[in-house]
1. Select from region 189-243 the residues that are surrounded by 15 or more Cβ atoms within 10 Å (Cβ to Cβ) and small (Gly, Ala, Ser) and write down the one among them that is nearest to residue 12 (Cα to Cα).
2. Please enumerate the residues belonging to region 94-126 that are within 30 Å of residue 164 (Cα to Cα) and assigned to a helix (DSSP H, G or I).
3. Given the residues 57, 65, 89, which is the only one that is modelled with pLDDT under 95, open to solvent by less than 20 Å² (accessible area, probe 1.4 Å) and under 22 Å from the mean Cα position of the chain (by Cα)?
4. Could you tell me which of the residues 147, 127 is open to solvent by 30 Å² or more (accessible area, probe 1.4 Å), farther than 12 Å from residue 63 by Cα and in contact with a helix residue (DSSP H, G or I) (Cβ under 6 Å, 6 or more places away or on another chain)?
5. Answer with yes or no whether residue 325 is open to solvent by 10 Å² or more (accessible area, probe 1.4 Å), under 25 Å from residue 6 (Cβ atoms) and of a type in the set (S, T, N, Q).
6. Scan region 162-174 and tell me whether some residue there is in contact with a Phe, Trp or Tyr (Cβ under 9 Å, 6 or more places away or on another chain) and of a type in the set (D, E, K, R).
7. Suppose we filter region 66-93 for residues that are of a type in the set (A, V, I, L, M, F, W, C), assigned to a helix (DSSP H, G or I) and in contact (Cβ under 8 Å) with a residue 12 or more places away in the chain; how many remain?
Amino acid sequence: MKNVLTLNYGSSSLKYSLFKGLKRLDYGAIRIKGIQECKESVSLILKKLERIDMIAHRVVHGMEHDSPMLIDRIGFELLKKLAVLDPLHNTLALAGIETCMKDLPGIPQYAIFDTSFYKELPIISKIYALPIDLYEKGIRRYGFHGISYSYLLKKSAKLLRKDANSVNLVMLHLGSGASICAVQEGKPVDTSMGMTPLEGLVMSTRAGDLDPGIILHFLKEGKSLQEVERVLYEECGIKGLTGTSDMRQVIESAKEGDKKAKLALDLYIYRIKKYIGAYYAILPKLDALIFSGGVGENSPEVRELACEGLEKLGIIIDKEMNRRNQLPLCVSHKRSKVKIFVIKTDEELEMVEQLRDAIKG
């Protein structure tokens with residue numbers, strides 16, 4: 001396979017990797033804020049790297065479209081329409097794609113959608129209790145972090161020494177954005193994020209589950225749609241409760257007795273536990289609980305707190321093992337009926353594998 005550049009657009013960062021086959025030749029991460037910084041950062045990456053034969057872009061919201069999707073004229077117009085559904089991530093991806101098309105015309109580009117992982121999600125997990133015709137118009141739950149979960153599913157199966165089509169998992173991707181996914185016999189059956197990445201767990205700047213009446217209240221107060229959208233994506237969650245979106249800082253402040261930080265951390269953990277319990281209830285059995293993402297991979301405190309009190313579900317963490325850093329890591333106690341793994345996710349490698357498989361096919 002030729003040299004493939006992957007561009008992974010997060011809510012506040014841009015990660016890139018250059019692969020030859022499945023071997024990573026170069027990688028990096030850049031903090032970005034806004035569309036202009038994204039475009040400038042992409043241009044710098046393209047100038048830095050010597051040979052690029054194909055480009056794979058992580059696009060968070062793809063509705064139920066298949067990926068990898070070739071970004072031709074029709075594909076580009078589709079991506080512009082999808083940006084309305086996730087203005088935080090998709091607009092950055094669109095900016096990056098436009099920059100690549102301008103700076104490297106003629107190089108094939110592909111979109112890899114987070115939502116493709118959930119294409120066969122059961123209707124009971126996709127549908128909202130709204131007038132049924134809205135479901136047909138696309139008002140439904142799509143799920144996100146699918147590229148990460150696709151990688152984690154395969155990695156977990158290897159650690160369990162099972163076929164990926166036979167494993168039952170609860171997987172947590174805890175980063176700036178945070179979600180949880182239930183997998184039954186290798187297929188996703190539920191996930192915490194919904195039509196947009198706003199639903200579910202408490203996140204760095206997003207509140208997660210929210211009474212829709214709060215949005216109506218904002219609008220009745222006279223706030224514009226743009227202002228409400230900005231608040232929901234950028235001013236809620238951990239940041240809204242503490243003033244900072246840095247989870248490491250929140251954990252340290254909570255240890256030092258800061259009441260706001262402790263409340264934020266407690267709520268963050270409480271919501272995780274609620275979802276673990278809910279997904280345990282819908283699965284026929286649970287083989288493993290997976291922690292990943294920047295917080296999930298690097299915070300022993302969050303992992304320990306999230307597992308505290310779950311002994312009744314057969315989930316028992318080994319506190320000593322949990323403090324170790326070399327990943328992947330099995331942190332379940334020998335008495336635990338459920339394996340607990342800490343796995344470093346690799347969305348960029350997963351993107352290349354999906355692109356390779358599509359080209360071979």
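The values are calculated or read from the model by the stated rules, or taken from the named source; none is laboratory data. Because the structure is a prediction, the values reported are computed rather than measured. Here the Cβ is made from the backbone with ideal geometry for all residues, glycine too, and neighbour counts use every protein chain on show. Ligands, DNA and RNA are stripped out before the accessible areas are found, and what is left, the full protein with its side chains, is counted by its heavy atoms. Shrake-Rupley method; radii C 1.70, N 1.55, O 1.52, S 1.80 Å.
1. Checking each candidate, the answer is 204.
2. Narrowing region 94-126 to residues within 30 Å of residue 164 (Cα to Cα): 109-126.
Matches in region 94-126: 114, 115, 116, 117, 118, 123, 124, 125, 126.
3. Details: 57 fails: modelled with pLDDT under 95; 65 fails: open to solvent by less than 20 Å² (accessible area, probe 1.4 Å).
Of the residues listed, the single one that is modelled with pLDDT under 95, open to solvent by less than 20 Å² (accessible area, probe 1.4 Å) and under 22 Å from the mean Cα position of the chain (by Cα) is 89.
4. Numbers: 147 fails: open to solvent by 30 Å² or more (accessible area, probe 1.4 Å).
None of the other options fit; the residue is 127.
5. Working: open to solvent by 10 Å² or more (accessible area, probe 1.4 Å): yes; under 25 Å from residue 6 (Cβ atoms): no; of a type in the set (S, T, N, Q): yes.
No.
6. Looking for residues that are in contact with a Phe, Trp or Tyr (Cβ under 9 Å, 6 or more places away or on another chain) and of a type in the set (D, E, K, R), one finds none in region 162-174, hence no.
7. If we filter region 66-93 for residues that are of a type in the set (A, V, I, L, M, F, W, C), which is where we start, we get 69-71, 74, 76, 78-79, 82-85, 88, 92-93.
Adding the requirement that they be assigned to a helix (DSSP H, G or I) leaves 74, 76, 78-79, 82, 92-93.
Within this subset, residues satisfying the condition of being in contact (Cβ under 8 Å) with a residue 12 or more places away in the chain are 76, 78-79, 82, 92-93.
Of the residues in that region, 6 qualify.
Yes/no per residue for (1) of a type in the set (A, V, I, L, M, F, W, C); (2) crowded, with 22+ Cβ neighbours inside 10 Å; (3) without any contact (Cβ under 8 Å) to a residue 40 or more places away in the chain; (4) over 18 Å from residue 354 (Cβ atoms):
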| position | (1), (2), (3), (4) |
| --- | --- |
| 5 | yes, yes, no, no |
| 9 | no, yes, no, no |
| 12 | no, no, no, yes |
| 15 | no, no, no, no |
| 26 | no, no, yes, yes |
| 32 | yes, yes, no, yes |
| 48 | no, no, yes, yes |
| 53 | no, no, no, no |
